[in-house]
């Protein structure tokens, strides 16, 4: 891409950021119980949920519309007070974001997991092969199930064993490879990446390798039930209507049934597949389980599932930056997710996961290479771009824990800058 296009994109980004900062004061978060006709919803605040509304931005017309919103498990929304009536004491989006960042920063002031056994550059070579094999395995198994064949557990066992081994060498290699996916291969890659995330998460929680293996199998197969859902629903670029949405939700039940009749599949693996859409407040599906009625593996899978879904580009939704999604998960843990597990997940992948594009106080843009040894807020980064001068610079590696002149001020949308962070990990 021509450098002038980069500059134009950068200029537009700065304009958008200025406009957004002004509009943040007009956007407020309220409970859905506070909704009234005449309010304008700017964001349904449920990125993890495919709801049957045409858009996330709607004007509340009547009480029936409010009931529909609440029926779909939406607990809080953001309203635009410039386009509809307001509530004076509601916090602004900026207030909410500032509070979340402060809480996440507190969590980050802890030592990360033990240092990787091998450098990420070395492990990336193996991770690339594992990714290729995992994607093919999931593709083949899903095709077999569509044609009425049994799941071949041995094939999954083989891949999961390699995943567990790789994650113990350096988990960030496979996690980074999992972020490289195409829109048209989302279903297969999502299953693989949730598998990787869950194994890494389980390792962080101190689980033994046999349990991690069962976790990996359940996570890799958590969406196998989608093979029983009409293809046109799976590839739909438009919001599903009420009936279509109810049909889509059945994939969890199909996943459970398919795994239960597969020889050698453990109950732990089945729990992951059957509970990854359950929510702590009972608003999830298919059983509407609440709190501890959801197994700890189901609660963990719910977090990994939505994290990967939101950081992936899908036909009906753009991808979000990892740090942004972690912030939303933290916000949503007030209602939908196990708060302690969300905090552990953030510590596992890092406030700024490896491969994230960040802006330093100096205006330089850098790619996170590895987590800091003393704090997740001070990783090692590779500086690649000068945002002030709109140009690439000679790459240099900086350990932010050792150089106080540099400080991360924000994460950056890599697509807008035209930078592919993963390429700078090699």
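Each value in this text was obtained by applying a stated rule to the coordinates, not by laboratory testing. A quick note: this is a predicted structure, and the numbers were derived from the prediction, not measured. Here Cβ is always computed from backbone atoms with ideal geometry, including for glycine, and neighbour counts include all displayed protein chains.
Please give the length that would be gained between residue 426 and residue 402 if that part of the chain were fully extended, namely 0.36 nm times their separation in residues minus their C-alpha to C-alpha distance (nm, one decimal).
In short, 6.4 nm is gained.
Over 17 Å apart: what share of the alpha carbon pairs of region 326-365 falls there, rounded to a whole percent?
Counting every Cα pair in region 326-365, those more than 17 Å apart make up 42 percent.
First obtain the Kirkwood hydrodynamic radius of the chain from its Cα pairs, then insert it into the Stokes-Einstein equation at 20 °C and 1.002 mPa s, and state the resulting D in µm² per second as a whole number.
Taking Rh from Cα pairs, D becomes 95 µm²/s.
Could you list 169, 128 so that the one with the fewest beta carbons within 10 Å of its beta carbon is first and the one with the most is last?
So the residues, fewest neighbours to most, are 128, 169.
Per 0.36 nm of contour for each residue apart, how much would the distance between residue 63 and residue 416 grow if the chain were fully extended, relative to their Cα-Cα spacing?
Contour length minus Cα-Cα distance gives 123.1 nm.
Round to a whole angstrom and tell me the spacing of the C-alpha centers of region 226-293 and region 128-180.
Rounded to whole Å, the Cα centres lie 20 Å apart.
How much of the calculated P(r) for region 26-91 lies past 17 Å, in percent of all Cα pairs?
That fraction is 28 percent.
When Rg is the radius of gyration of the Cα atoms in region 77-170 and Rh is its Kirkwood radius, what does Rg/Rh come to?
Using only Cα positions, Rg/Rh for region 77-170 is 1.27.
Return a whole-number percent for the relative contact order of region 149-213, with Cα pairs under 8 Å and 6 or more residues apart as the contact set.
The normalised contact order for region 149-213 reaches 38 percent.
Calculate the translational D of region 195-315 in whole µm² s⁻¹ from Stokes-Einstein, where the hydrodynamic radius comes from the Kirkwood formula applied to all Cα pairs, the temperature is 4 °C and the viscosity 1.567 mPa s.
Answer from the Stokes-Einstein relation: 87 µm²/s.
Work out, step by step, the length gained on full extension between residue 263 and residue 207: first 0.36 nm times the residue separation, then minus their alpha carbon distance; give nm to one decimal.
17.8 nm
If the elastic network links every pair of Cα atoms under 10 Å, which of 212, 259, 247 fluctuates the most in the Gaussian network model of the chain?
Judging by the Gaussian network model, the answer is 247.
Stokes-Einstein D for region 120-349 at 4 °C, 1.567 mPa s, Kirkwood Rh over Cα pairs, in µm²/s?
Result for D is 74 µm²/s.
Rounded to whole Å and sorted largest first, what semi-axes of the equivalent ellipsoid does the C-alpha gyration tensor of region 274-414 yield via the square root of 5 times each eigenvalue?
Result for region 274-414: semi-axes of 35, 16, 10 Å.
Report the residue, chosen from 198, 221, 310, that carries the largest GNM mean-square fluctuation when the chain is represented by alpha-carbon nodes joined by springs under 10 Å.
Greatest mean-square fluctuation among the candidates belongs to 310.
Which of 342, 409, 358 ends up with the largest GNM mean-square fluctuation for the chain, with Cα atoms connected below 10 Å?
409
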